2 protein chains.
Amino acid sequence: MTLSDELRISLDGKWRHVREQSRKELATFDLSYDHDLTLDEARERVLGQMKKLVATGIPAAGFKVSSGGTGDPGASVTGIEMLAQFDLSLMVKAGVQWGLFGGAIENLGTEKHHEQYIPGLINLDILGCFAMSETGHGSDVQSLETTATYDPATQEFVIHSPTPSARKDYIGGAAAHARVAAVFAQLVTKGESYGVHCFVVPIRDEDGNDLPGVTTSDDKHKGGLGAVDNGRLVFDNVRVPRENLLNKYGQVDEGGTYSSPIESSNARFFTMLGTLIRGRISVGGSASAATEVALSIAGRYALKRRQFGPDPDHEILLMDYRMHQRRLLPLIAKSYAMRFAQNQLVARMDRVQSSEEPPPAHQQRELESRAAGLKAAQTWHATKAIQEAREACGGAGYLAENRLTTLKGDTDVFTTFEGDNHVLFQLVAKELLTSYAQEVGGLDPVGMVKFAAGTVADVVKERTAASQLIQRLIDARPGGGDDDHDLLDRGTQLNLFEDREQHVLETAARRLRRAGSDKVEAFKVFNAAQDHVIRAGRVHIERIVLEAFTAGIARCEDPEAQDLLRDVCSLYALTAIEEDLAWFMGHNRLSDTRAKTVTALINDLLDKLRPHTLTLIEGFGVPEETLGAAMLVD
Amino acid sequence: MTLSDELRISLDGKWRHVREQSRKELATFDLSYDHDLTLDEARERVLGQMKKLVATGIPAAGFKVSSGGTGDPGASVTGIEMLAQFDLSLMVKAGVQWGLFGGAIENLGTEKHHEQYIPGLINLDILGCFAMSETGHGSDVQSLETTATYDPATQEFVIHSPTPSARKDYIGGAAAHARVAAVFAQLVTKGESYGVHCFVVPIRDEDGNDLPGVTTSDDKHKGGLGAVDNGRLVFDNVRVPRENLLNKYGQVDEGGTYSSPIESSNARFFTMLGTLIRGRISVGGSASAATEVALSIAGRYALKRRQFGPDPDHEILLMDYRMHQRRLLPLIAKSYAMRFAQNQLVARMDRVQSSEEPPPAHQQRELESRAAGLKAAQTWHATKAIQEAREACGGAGYLAENRLTTLKGDTDVFTTFEGDNHVLFQLVAKELLTSYAQEVGGLDPVGMVKFAAGTVADVVKERTAASQLIQRLIDARPGGGDDDHDLLDRGTQLNLFEDREQHVLETAARRLRRAGSDKVEAFKVFNAAQDHVIRAGRVHIERIVLEAFTAGIARCEDPEAQDLLRDVCSLYALTAIEEDLAWFMGHNRLSDTRAKTVTALINDLLDKLRPHTLTLIEGFGVPEETLGAAMLVD
């Protein structure tokens, strides 16, 4: 077993068998990009590829055995993520069909819906779409405008788009392939609104024509994801049977009386959304998978391409330039960090969703918060790293045949869909600031201000203490809290991250607490602190990621691989500290003298890791023959 | 005259008449993007658009009257830059034909070449390309492998690609339209090589077929610039007459004897390259123009789109969120800064190139250095700002119909072509570190180490003193150098930037001076300091830009506009300081206390500038009706 095998095993995590299977099977599916196809041709092609996926068993893994699946949530998410190594359009199409549309039926529907739809949607007899976003409202799902009004006379719901901004938009599958939509709409019965619920609405007939009252249209070209048929849906009083309400969390009886197991409409809404968590997890994981491909391409190119040097006869490998090391190695280190964090998240989600019991509310909220934060962190890392990979390959990087521009364009919207990243970090901060208070749903800034309690420190401490390993490392750090410690020591790094998070949270809470009870005033206070609040979400996630990396190293069984991972982890930690150095200095966490060593330590780590560049790339487990970059083949 | 008119006049600068003309004329040319076209169709369309440009007079402006042009370099560069507001493929095609190909003939050729080619290339009877980059060498032009070997028997040069990596690559026009190429190749005569020279080489016949010995091929799809027919050229002993050497800086007589007005082959090479400076200037300016379009789109959307708020009935404009202000306003401020710097650069270039006398060497080198550095600064700003603009518009930003993804894809390669940005900042630093020493050509790291003299401080001081206004502001700053000064004071800001530059340069010089005379050893010393050296180039340019902004404000004649520009300038300066805050703190330029005020001052400026958002956008002078973003029209 080589060193890179050991690294790959560490990064592959619990669902390694799924990754191994995908690497083998997908390589035989001819998934390489064809830029000459028209929109229509590309869409047809990806539909054909989806059909091949059915046989891999990945689609069925996402559904409970009782619904017609094989009940392996971790395998499902990992399988979707692996598609991102090959073609992100395919990953998104698969995610929409089996993850979002299928997930809505599975999690919001009840037995009759499972029976009616799930076997057919697994094998693609039923092609669906997930009609949540509207032109007027994206991340703010609670404010959607589409209505579903119950008509007791016919026992039907009337689905309607009351305004132009109520148009469903950016809906994958809506432009061409979907026959059925899971439509999110405000449920209205007996003149009263009960908030957003989900309805199964047929939108096209067998021949692909819009059904009466439904108007579909096409978002056409986008910044990437060319084969995904994103489109729009407008409903003009479309009637569906009462049974088409996915009624696990809310029911309307024949006479029109509403009932729900969850009394508060706010709590109900967030419970429903919370069950759809896999979407965010898949987007984050797929962003990381695409990033690993991009860094594999740019890294291998840098190990092949020579340019300039002491004299014309001694041209230097790109990877031997200090600047090139600075550009690529910290991004590779961060990708390692992200993968460990993602694996941890998937394992938690799998535990929660495999259990027959609903999880304790606090645990569910924490899982949602982590999924939101890691989605933001991973997708921004993807945007930055793929951009850098493109630039690091110069003109060759700009040619489509070398894949980097496609990876960039395809992943670009990941920072937006499944929730705008700023909104997501804000959500993470809100959960921390209100100690996961049940009372505060979603992003409600006024609620955030009201509940910003004095318990912030406890939230951080409590959760850190959950991991004995982390606490032991922090306790064992040299210097015992003064400045004279070793920045390469993991306990010191963990302590710096935790300490920063606690301080940022506490000061944010203090600012928010200044607000009174007036709604408009409270919003102003919140808004003035918004950048501070979002920062709190970000530094929380940076700590979570460092802790996950630390835990991942502990699980690695090969001493040599462990040593290498330790250096990679320190490069991640020190790069993050360097990026926020002014904060650590200004808040007396690092003296000027100590701060100056950060850059020098990073450069030492670059020297140390440079000889392992290829090993680290191989550790990502993206087979060289599937990279599909022409410049690496010449 | 409105406030935004006053701003626009300030930003339009000396060639305002060209900008006004372009705004009017180009709006009538139907330049909107059509994503449904195939590569071939898009290429044909852009060629048709170029033909319309001939009548605008912009193409002729780039050439001396004696060569058949109208002799207005500033108008030429400004005219090219204005194309970038409409379609970057058109801008690149125009830049290749009239700027690069035409520029090579004009600047490297002599009278006979001017007569033979320039009238025809202005009116597009002669379609040319600029065959410099090779698959093996891009930014390192001195190491190109293509050879041009003189054969006295036939009085011809034999153009040849000796290796696969000698293939000309990424050449705009080479895939389809160009009939003639300006080929850069190592001139060899009598068995000796005299370095890179430029040759006019016919590559296609009237019907578009490759001429004997020439093999063209197609780079096909790229990350953007879909209508630009980038391609490759391979030469198999292609013979051209002796007269096809563009012989202003090097001549071979009939018998094969080489002569040149410049003895040193190194100096000759850099003199030749230096005459081609307009390419870099156009790329930088065009990147800024595209950025202004993107920020105009995202800014206007933020003034229209509401999302979340204190309650569902009071949704808030995106632009009223602190975070959104933080995302967009500093980028708008930086775009103002960049435009002032670009205008200053174009004016200098115009002065130098309009003169019949060659400029003093020092002045020419400084101009080249500034063009290189501003190209890097502007193109990286474009990459960052257009990305942010896309994200700030959420899902709508990802639809091609809203233009942002096209702007992103089209400008993406600007950080690479006309010189990789890291290489360019390194070049800037080298010039400063060696005091523009004639002896050190190009990027030669060994030369840089050798010449890193003790005069760095003088270089900075000398050049700053050139502007009395700047010096006066610095001298008049409050506090006289201690920490108790007002960070909103321009003199204080200028002093901080200048002081930082001087320190970074001095310490870089000190590190480089440690090297001995051994080439390999010198390279190691340089490489260990490479990030430091590149940083020196960057902070130099940041100072130049702040000074240009300051000078631009002084030239503005409307007091109200001046006041507004002052705040915009401070936002630029303070954002730059915030991004580098750890440096200013760690080097005792800002106390911890003072450093903490930076963020608060920025937030104050955001509050102050928020009401002027639309005015600032209008100041860019991108007419609303030419923005072409569907979401702004609804």
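The values are calculated or read from the model by the stated rules, or taken from the named source; none is laboratory data. Everything quoted here is computed from the prediction, not taken from an experiment. When we count neighbours, we look across all protein chains shown, and the Cβ atoms used for this are built from the backbone with ideal geometry, even at glycine. Accessible surface areas use protein heavy atoms only, side chains included; no ligands, DNA or RNA. Shrake-Rupley method; radii C 1.70, N 1.55, O 1.52, S 1.80 Å.
Across the range A:375-399, the number of residues qualifying as more than 7 Å from chain B (Cβ to nearest Cβ), among the charged types (D, E, K, R) and open to solvent by 10 Å² or more (accessible area, probe 1.4 Å) comes to 2.
Each row is one residue, and each column tells you yes or no for (1) in contact with a Leu (Cβ under 9 Å, 6 or more places away or on another chain); (2) under 14 Å from B:LEU494 (Cα atoms).
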position: B:SER517; (1), (2): no, no
position: B:GLU521; (1), (2): no, no
position: B:ASN527; (1), (2): no, no
position: B:VAL533; (1), (2): yes, no
position: B:LEU546; (1), (2): yes, yes
position: B:THR550; (1), (2): yes, yes
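Confirm whether B:GLN342 is crowded, with 24+ Cβ neighbours inside 10 Å and more than 14 Å from chain A (Cβ to nearest Cβ). For B:GLN342, the condition - crowded, with 24+ Cβ neighbours inside 10 Å and more than 14 Å from chain A (Cβ to nearest Cβ) - is met.
In the range B:1-44, of all residues being open to solvent by 70 Å² or more (accessible area, probe 1.4 Å) and charged (D, E, K, R), the one that is nearest to B:ALA548 (Cα to Cα) corresponds to B:LYS14. Pairs only if they're at least six apart or on different chains, beta carbon under 7 angstrom, first in the range B:12-38 and over 13 Å from B:THR626 (Cβ atoms), second surrounded by fewer than 16 Cβ atoms within 10 Å (Cβ to Cβ) and of a type outside the set (D, E, K, R); list them, first residue then second. Filtered contacts from the range B:12-38: B:LYS14/B:ALA347. Residues satisfying the criterion are present in the range A:603-614 (criterion: in contact (Cβ under 8 Å) with a residue 12 or more places away in the chain and closer than 27 Å to A:THR406 by Cβ).
The residues in the range B:54-95 that are without any contact (Cβ under 8 Å) to a residue 60 or more places away in the chain and part of a helix (DSSP H, G or I) can be counted, and the count is 6. Among the residues making up the range A:168-196, those that are of a type in the set (D, E, K, R) and either open to solvent by 10 Å² or more (accessible area, probe 1.4 Å) or closer than 17 Å to A:ILE105 by Cα (or both) are A:ARG179, A:LYS190, A:GLU192.
Return yes when B:GLY136 is assigned to a helix (DSSP H, G or I) and touching a Ser or Thr at 6+ places or on another chain (Cβ under 8 Å) and no when it is not. So B:GLY136 does not fit the description; no. Residues of the range A:229-248 that are open to solvent by less than 30 Å² (accessible area, probe 1.4 Å), farther than 22 Å from A:ALA94 by Cβ and part of a loop (DSSP other than H, G, I, E, B): A:ASN247 alone. Taken together, B:THR257, B:THR216 contain a single residue that is more than 16 Å from B:THR147 (Cα to Cα) and either surrounded by fewer than 20 Cβ atoms within 10 Å (Cβ to Cβ) or within 14 Å of chain A (Cβ to nearest Cβ) (or both), which is B:THR257. The residue pairs whose first member lies in the range B:489-512 and is of a type in the set (S, T, N, Q), whose second member is not in a helix (DSSP H, G or I), and whose beta carbons are closer than 8 Å, counting only pairs six or more residues apart or on different chains, are B:THR492/B:ARG477; B:THR492/B:HIS485; B:THR492/B:ASP486; B:GLN493/B:LEU487; B:ASN495/B:ARG477.
Yes or no, residue by residue, for (1) modelled with pLDDT of 85 or more; (2) open to solvent by 10 Å² or more (accessible area, probe 1.4 Å); (3) assigned to a helix (DSSP H, G or I):
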| site | (1), (2), (3) |
| --- | --- |
| A:GLU418 | yes, yes, no |
| A:HIS422 | yes, yes, yes |
| A:SER435 | no, yes, no |
| A:GLU439 | no, yes, no |
| A:ASP458 | no, yes, yes |
| A:GLY479 | no, yes, yes |
| A:ASP483 | no, yes, no |
| A:GLN493 | yes, no, yes |
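Of the helices (runs of 4 or more DSSP H) lying entirely inside the range B:517-634, the ones with 2 or more residues being closer than 30 Å to B:ALA27 by Cβ are found at B:530-555, B:559-579, B:613-619, B:630-633.
Among what's in the range B:110-144 and is away from every other protein chain (no Cβ under 14 Å) and under 15 Å from B:GLY95 (Cβ atoms), pick the residue that is surrounded by the fewest Cβ atoms within 10 Å (Cβ to Cβ). Give the steps one after another, and end with the answer.
Going through the range B:110-144, the residues away from every other protein chain (no Cβ under 14 Å) turn out to be B:110-129.
Filter once more, keeping what is under 15 Å from B:GLY95 (Cβ atoms): B:121-122, B:124, B:127-129.
Numbers: B:LEU121: 22, B:ILE122: 23, B:LEU124: 17, B:LEU127: 20, B:GLY128: 26, B:CYS129: 29.
Only one residue tops the list, namely B:LEU124.
Scanning the range A:405-414 turns up one or more residues that are more than 10 Å from chain B (Cβ to nearest Cβ), among the polar types (S, T, N, Q) and out of contact with any Lys or Arg (no Cβ under 8 Å at 6 or more places or on another chain). Regarding the range A:208-226, can at least one residue be identified that is without any contact (Cβ under 8 Å) to a residue 12 or more places away in the chain, under 30 Å from A:GLN49 (Cα atoms) and not in a loop (DSSP other than H, G, I, E, B)? Yes, because at least one residue in the range A:208-226 is without any contact (Cβ under 8 Å) to a residue 12 or more places away in the chain, under 30 Å from A:GLN49 (Cα atoms) and not in a loop (DSSP other than H, G, I, E, B).
Determine whether A:PHE199 is out of contact with any helix residue (DSSP H, G or I) (no Cβ under 8 Å at 6 or more places or on another chain), more than 25 Å from A:SER89 (Cα to Cα), among the aromatic types (Phe, Trp, Tyr) and open to solvent by less than 10 Å² (accessible area, probe 1.4 Å). Give the steps one after another, and end with the answer.
On the way: out of contact with any helix residue (DSSP H, G or I) (no Cβ under 8 Å at 6 or more places or on another chain): no; more than 25 Å from A:SER89 (Cα to Cα): yes; among the aromatic types (Phe, Trp, Tyr): yes; open to solvent by less than 10 Å² (accessible area, probe 1.4 Å): yes.
It is false that A:PHE199 is out of contact with any helix residue (DSSP H, G or I) (no Cβ under 8 Å at 6 or more places or on another chain), more than 25 Å from A:SER89 (Cα to Cα), among the aromatic types (Phe, Trp, Tyr) and open to solvent by less than 10 Å² (accessible area, probe 1.4 Å).
Just one of the listed residues (B:LEU39, B:LEU100) is away from chain A (no Cβ under 14 Å), in contact with a strand residue (DSSP E or B) (Cβ under 9 Å, 6 or more places away or on another chain) and within 28 Å of B:PRO202 (Cβ to Cβ), and it is B:LEU100. Does the range A:80-87 include one or more residues that are out of contact with any Leu (no Cβ under 9 Å at 6 or more places or on another chain) and crowded, with 22+ Cβ neighbours inside 10 Å? Yes, the range A:80-87 contains a residue that is out of contact with any Leu (no Cβ under 9 Å at 6 or more places or on another chain) and crowded, with 22+ Cβ neighbours inside 10 Å. Selection over the range A:88-109 of residues that are open to solvent by 20 Å² or more (accessible area, probe 1.4 Å) and among the polar types (S, T, N, Q) gives a count of 1.
State whether one or more residues within the range B:148-162 are assigned by TED's automatic domain parsing to the domain that holds B:ASN230, under 24 Å from B:THR416 (Cα atoms), open to solvent by less than 60 Å² (accessible area, probe 1.4 Å) and in contact with a Gly (Cβ under 8 Å, 6 or more places away or on another chain). No, the conditions are met nowhere in the range B:148-162.
Count, please, the residues in the range A:519-549 that happen to be away from chain B (no Cβ under 13 Å) and either open to solvent by 10 Å² or more (accessible area, probe 1.4 Å) or among the acidic types (Asp, Glu) (or both). Show your work before the answer.
Just the residues of the range A:519-549 that are away from chain B (no Cβ under 13 Å), to begin with: A:539-549.
Then keep just the ones that are either open to solvent by 10 Å² or more (accessible area, probe 1.4 Å) or among the acidic types (Asp, Glu) (or both); that gives A:542, A:547.
Total satisfying the criteria: 2.
Table: residues versus (1) closer than 20 Å to A:GLY419 by Cα; (2) in contact (Cβ under 8 Å) with a residue 40 or more places away in the chain.
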site	(1), (2)
A:GLY309	no, no
A:ARG322	no, yes
A:GLN325	no, yes
A:LYS334	no, yes
A:ALA337	no, yes
A:ARG348	no, no
A:GLN353	no, yes
A:PRO359	no, no
A:ARG365	yes, yes
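Take B:ARG300 and tell me if it is touching a residue at least 40 places away in the same chain (Cβ under 8 Å) and either open to solvent by less than 40 Å² (accessible area, probe 1.4 Å) or more than 13 Å from chain A (Cβ to nearest Cβ) (or both). Taking the combined requirement at face value, the residue satisfies it.
Counting only residues that are open to solvent by 20 Å² or more (accessible area, probe 1.4 Å) and at pLDDT 95 or above, which one in the range B:306-321 is farthest from B:VAL622 (Cα to Cα)?
Taking the range B:306-321 as the starting set, the residues that turn out to be open to solvent by 20 Å² or more (accessible area, probe 1.4 Å) are B:306, B:308, B:311-318, B:320-321.
Narrowing further to those that are at pLDDT 95 or above: B:317-318, B:320-321.
Numbers: B:LEU317: 22, B:LEU318: 21, B:ASP320: 23, B:TYR321: 25 Å.
Ranking the qualifying residues of the range B:306-321, first place goes to B:TYR321.
How many of the residues making up the range B:580-592 are facing chain A (nearest Cβ under 9 Å) and touching a residue at least 40 places away in the same chain (Cβ under 8 Å)?
Looking only at that region, the number is 4.
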